[in-house]
Amino acid sequence: MLAACGNGGDPAAASSEAAATPAPYETPVIPDHEDASWTVSPDGQAIVFGPDAATPLLTLDCRLKGDPPQLAIIRHYPADPDAKALFPVIGNGTTSRFMLDATLTEEGRIWEGTLAADDPALDVFTGPRPIEATLPGGGTLRIVGSRVPGEFVTWCRAGGKVMEAEADESGEAPETDQEPVEDAS
């Protein structure tokens with residue numbers, strides 16, 4: 001009966017069939033880079049996460065010309081022409097999924113998705129906790145917690161305006177309940 005299953009009991013045939021069977025797919029994990037951090041682009045319109053400016057892994061790019069402003073999420077990883085991907089990002093108590101398309105750039109075809117800066121899905125970037133972003137076939141980025149992406153998203157949502165600290169109606173800074181500290185010397 002076993003002979004009817006295909007290889008007639010030939011061990012060499014069985015081992016070649018096993019070699020032809022693909023291994024289960026595992027998403028590669030891109031290791032944390034101790035020296036990776038968020039940096040502001042020279043024009044101030046984007047922030048880049050990576051070990052240095054020459055090796056970006058993820059970029060948030062604010063495009064202020066639209067109404068509302070647009071924010072592009074760019075995953076610097078090779079993409080096939082016309083490819084599309086769902087890019088889940090988890091962090092700060094939120095899970096968001098962004099649609100990315102293969103986009104031709106100076107560095108080749110990479111992943112990019114653009115949405116309105118006021119889209120609630122971008123809230124995943126607005127807290128100071130770590131973020132995990134997975135591109136199918138492109139690995140998982142584990143990004144250390146930082147206030148930089150949250151401040152950048154807030155700035156982009158405000159149309160690129162710097163937010164001033166609020167004063168009370170009289171124009172003075174709010175008072176605190178603390179007594180002034182006297183110099184003990």
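The values are calculated or read from the model by the stated rules, or taken from the named source; none is laboratory data. Quick caveat: nothing in here was measured; it's all calculated off a predicted structure. Cβ sites come from the backbone with ideal geometry, for glycine too, and all protein chains shown count toward neighbours. Heads up: the accessible areas ignore ligands, DNA and RNA and are worked out on the full protein's heavy atoms, side chains in. Shrake-Rupley method; radii C 1.70, N 1.55, O 1.52, S 1.80 Å.
Annotations for the structure displayed:
- Atom-type composition of the exposed protein surface of region 75-150 places 51 percent of the accessible area on carbon and sulfur (1.4 angstrom probe).
- Rounded accessible area per residue of region 76-142, 1.4 Å, Å²: 51 Å²
- The GluC sites (Glu not before Pro) of region 66-147 that meet both conditions, a loop assignment by DSSP and at most 12 other Cβ atoms within 10 Å of the site Cβ, are E106, E107.
- Per-residue accessible area (protein heavy atoms, 1.4 Å probe) orders W155, W111 as W155, W111, starting from the largest.
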